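J.: For reference, the structure I am asking about is given below.
The values are calculated or read from the model by the stated rules, or taken from the named source; none is laboratory data. These figures come from a predicted structure and were not determined experimentally. A quick note on method: Cβ atoms are made from the backbone with ideal geometry, for glycine too, and the neighbour counts reach across all protein chains shown. These accessible areas exclude ligands, DNA and RNA; they are computed on the full protein's heavy atoms, side chains included. Shrake-Rupley method; radii C 1.70, N 1.55, O 1.52, S 1.80 Å.
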Amino acid sequence: NVTTYIQSGNVFVTTEEANPAKVGFQIKQEIFKDFGHEVPVVVIAKTDLEACLTNNPYLKEKDLDTKKLYVGFVSIALRSYSINDLKMSQFKPDEVQIDNTRIFIKYHIGAGKTRLDQKYIEKKLNLTATIRNWNTVTQLLKMYEER
């Protein structure tokens, strides 16, 4: 039972497996077996998306432009000092808050004009990440609820 959301790599699957790492590994294996490509996979459960709505500290700001909000989902739990590893002082006025396997990002100008992108995060934190804009996060949650 596979469904996609736009052409951005967002794929819904139904599985009995509760461990996201196992689901990701199985998907990765199937992609390699069928297409011969090794691709990174980050599994995001409905509870992860729900946590974005309740834990995103930027949503409390007055006059917030949600077009500047992004969420980075990462493959492993982050340590409290991971924010230091990102060397955020290099990216001011962009802002970041960390919450377990999510990185809440508020870009000052926009995602297309920053060096604080997926590749930088993956390299600095030595993990796999995927970044989605706030509209996509809310649309994915809506799709989960409709399934």
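J.: From (1) touching a helix residue (DSSP H, G or I) at 6+ places or on another chain (Cβ under 9 Å); (2) aliphatic (A, V, I, L, M); (3) open to solvent by 30 Å² or more (accessible area, probe 1.4 Å), pick out the condition that doesn't hold for residue 103.
T.: If we test residue 103 against (1) touching a helix residue (DSSP H, G or I) at 6+ places or on another chain (Cβ under 9 Å); (2) aliphatic (A, V, I, L, M); (3) open to solvent by 30 Å² or more (accessible area, probe 1.4 Å), just (3) comes out false.
J.: Return only the number of the condition from (1) among the hydroxyl-bearing types (Ser, Thr, Tyr); (2) surrounded by 14 or more Cβ atoms within 10 Å (Cβ to Cβ); (3) under 30 Å from residue 16 (Cα atoms) that residue 54 does not satisfy.
T.: Of the numbered conditions (1) among the hydroxyl-bearing types (Ser, Thr, Tyr); (2) surrounded by 14 or more Cβ atoms within 10 Å (Cβ to Cβ); (3) under 30 Å from residue 16 (Cα atoms), the odd one out for residue 54 is (2).
J.: Same structure again: For segment 1-39, enumerate the residues that are of a type outside the set (S, T, N, Q), assigned to a loop (DSSP other than H, G, I, E, B) and under 22 Å from residue 132 (Cα atoms).
T.: 6, 9, 38, 39
J.: Can you tell me which residue within segment 1-56, out of those that are touching a helix residue (DSSP H, G or I) at 6+ places or on another chain (Cβ under 8 Å) and polar (S, T, N, Q), is farthest from residue 72 (Cα to Cα)?
T.: By that ranking, first place goes to 15.
J.: Out of all the residues in segment 40-63, which are assigned to a loop (DSSP other than H, G, I, E, B) and either touching a residue at least 12 places away in the same chain (Cβ under 8 Å) or within 13 Å of the chain's Cα centre (by Cα) (or both)?
T.: Residues satisfying the conditions are 40, 41, 42, 43, 44, 45, 56.
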